[in-house]
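Report on the structure given below.
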Amino acid sequence: MKKYFIIATILFLAAACSKQQPAVQPVQPAQNQQGTTTPATATSTPAKPVTPTTPSVSLEVYNNAAEHFKILYLNNFTLFTGAKVKANNTKGVNFSACVPYGLMPDMCFVLNGQPYLNTNLGSAGVAVSVLKNKTTIGDCGTFSALDLAGGHTTDAVQGNGVVFVTAVNTDAGAGNFSETHYNRAFYGNLCYELDETARWTNAENYSPPRTEFDRTDIWNKLDVLRNGFEFVK
C-alpha cells in the first residue's frame, strides 16, 4: 500500500513539472528619442513685411534775389541750375521736361520720377526763364507761331498776386507725347516764363504694358510752382 502511494506521488510531481510556464519577455531598454526621432522641419513665424515709409511732402522756398523772384515748390522736386540744366548732364535725371521745344531755361525743377517707375510717365518738370529780350508787356504776352505749334492760348491765371498769360502746346510722334503749359508774367521791364511740361509714352509700347499715370495728379504738382511764384524787390 505504501509502495503505491509513493508511485502516485512521483507521477503527480512529474506531471506538475511538465506544464509549460509562460516565457518572461526581457525588458527592452528605452529607445533614445533624440537619436530615433526625425527632426521636424524648422518653422519660424515670418517677419511682418516692412511698409516703406512715404517721405513727407513739404514746401521748400527758392529765392532768386538777383532776378527778383521766389518760388514755393514741393520737396519732391529737385532744382537744377546753370550748366547742369544747359547740358542735361546730371546722371540719373530725365531732363526732357526741362527743354520743351528746344528752349534752354535758366533753371528747372524736376519731379522725382521714382514713384512713377511703373507708369508711362517719362519726365515732368517746371522750367523757369527770364526772357530779357521781351521788354514790354505786349511782347511778353504774345506767343509766337512756334510757341503755339499744336497748341493755343488759354485764359490768364492769377496765383500769389501774379497774373500770368498762358498757352498750351502739345506734341506727339511714334507713341511719344508731350504737353507744355506756358505761363508768362511781366515785372520790372522783364518777362518771366514758367513752362510746366509732362512727357510720356504710350503705355502699350512697354512690355509688359504699364499703367497710365494720373495726369490730374501731375498737373496739380506742377501748378504748385506756378501758384507759388512771387516777385520780390
Fill in the blank from the handout: Over all Cα pairs of the range 62-231, the Kirkwood radius sets Rh, and Rg/Rh then becomes 0.96
Fill in the blank from the handout: the range 102-123 and the range 202-233 have their Cα centres apart by a whole-number Å value of 8
Practice task
Just need the relative contact order of the range 82-233 here, percent rounded to a whole number, with Cα pairs under 8 Å and 6+ apart.
Solution key: 24
Handout entry: Neighbour cut-off at most 15 other Cβ (10 Å), DSSP loop, chymotrypsin sites (Phe, Trp or Tyr not before Pro), the range 177-233
Key = Tyr206
Handout entry: Candidate aspartates and glutamates for bridging to Lys233, where Cα separation is under 12 Å - those fewer than 8 sequence places away on the same chain excluded
Key = Glu67
Completion exercise
Averaged over all viewing directions, the convex hull of the alpha carbons in the range 79-140 casts a projected area in nm² of 5.1
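With charges only on Cβ, +1 for K and R and -1 for D and E, what is the dipole size of the range 140-233 about its Cα centre, in debye, rounded to 20?
Details: 7 positive and 13 negative charges, 44 e Å.
Value, rounded to 20: 220 debye.
The numbers here are math on the coordinates, done by the rules we state, and not lab data. This is a predicted model, so every value here is computed, not measured. All Cβ positions, glycine included, derive from the backbone under ideal geometry; neighbour counts span all protein chains shown.
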